[in-house]
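Colleague: Below you'll find the structure I mean.
The values are calculated or read from the model by the stated rules, or taken from the named source; none is laboratory data. Quick caveat: nothing in here was measured; it's all calculated off a predicted structure. A quick note on method: Cβ atoms are made from the backbone with ideal geometry, for glycine too, and the neighbour counts reach across all protein chains shown. In case anyone asks, the SASA skips ligands and DNA or RNA and just uses the protein heavy atoms, side chains included. Shrake-Rupley method; radii C 1.70, N 1.55, O 1.52, S 1.80 Å.
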Amino acid sequence: MPPVTGQSASFSRSYTRFTEEWSVCLARGSCREEEATSINAKLCTSIDGDPRSDVALAAISNCSSLEILHLVKTPECTNGGLAGIVEKCKCLRKLHIDGWKANLIGDEGLVAVAKFCSKLQELVLIGVNPTTLSLAMLAVKCQNLERLALCGCDTFGDPELSCIAAKCPSLRKLCIKNCPISDLGIENLANGCPGLK
């Protein structure tokens, strides 16, 4: 695969911008492990006429050595698409999901992330609605989770924040924006997560 124009070969292997040529390669299942460890799906073009959907995620899942995945501006992606990619891409260390408040990714997809991505260190959820069910599973299965960001998550309130405080001892950074939490949730957080900076 050709590297990103103007980038070194080593950079192109760690961060790949997808062109139409990449999309065709992925759709055919010909992604080799050394070709891509990071994908920003926002830049992924149409595969089979269905832009940035579960079809594209299924194609991306052929990159089994994938370590970093950004699902940005992908409102068509669902729990099933996310589950399909994490089942095959078990090396994920960083996962960013912008669900655009479409409510197509929630607990079911996040439980799959917990089940298959034990190496996860960073999780960013924007417009995704996790509950204590998926957050508790992530805390138990993803013991290396150090960075967590939640923005515009309507279901992330005091119980969910308390869950994180009680079950995420490795957490070093936590960013919460536009989520319905109160002083009680913040108080519970202060009593847990001793490593927060």
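The rows are residues; the columns are (1) open to solvent by less than 20 Å² (accessible area, probe 1.4 Å); (2) assigned to a strand (DSSP E or B); (3) closer than 18 Å to residue 114 by Cα; (4) not aromatic (Phe, Trp, Tyr).
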residue	(1), (2), (3), (4)
134	yes, no, yes, yes
143	no, no, yes, yes
156	yes, no, yes, no
159	no, no, no, yes
164	yes, no, yes, yes
170	no, no, yes, yes
186	no, no, no, yes
190	no, no, no, yes
193	yes, no, no, yes
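Each row is one residue, and each column tells you yes or no for (1) at pLDDT 95 or above; (2) outside any loop (DSSP other than H, G, I, E, B); (3) surrounded by fewer than 16 Cβ atoms within 10 Å (Cβ to Cβ).
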| residue | (1), (2), (3) |
| --- | --- |
| 100 | no, no, no |
| 105 | no, no, no |
| 114 | yes, yes, no |
| 139 | no, yes, no |
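Colleague: Tally the residues that are crowded, with 17+ Cβ neighbours inside 10 Å, part of a loop (DSSP other than H, G, I, E, B) and over 14 Å from the mean Cα position of the chain (by Cα), restricting the search to the range 49-74.
Modeller: Matching residues across the range 49-74 total 4.
Colleague: Additional query: Scan the range 145-154 for residues that are part of a loop (DSSP other than H, G, I, E, B) and open to solvent by 30 Å² or more (accessible area, probe 1.4 Å) and jot them down.
Modeller: Scanning the range 145-154 gives 146, 154.
Colleague: Hey, residue 124 hits all of (1) open to solvent by 10 Å² or more (accessible area, probe 1.4 Å); (2) more than 16 Å from residue 174 (Cβ to Cβ) but one; which does it fall short on?
Modeller: (2)
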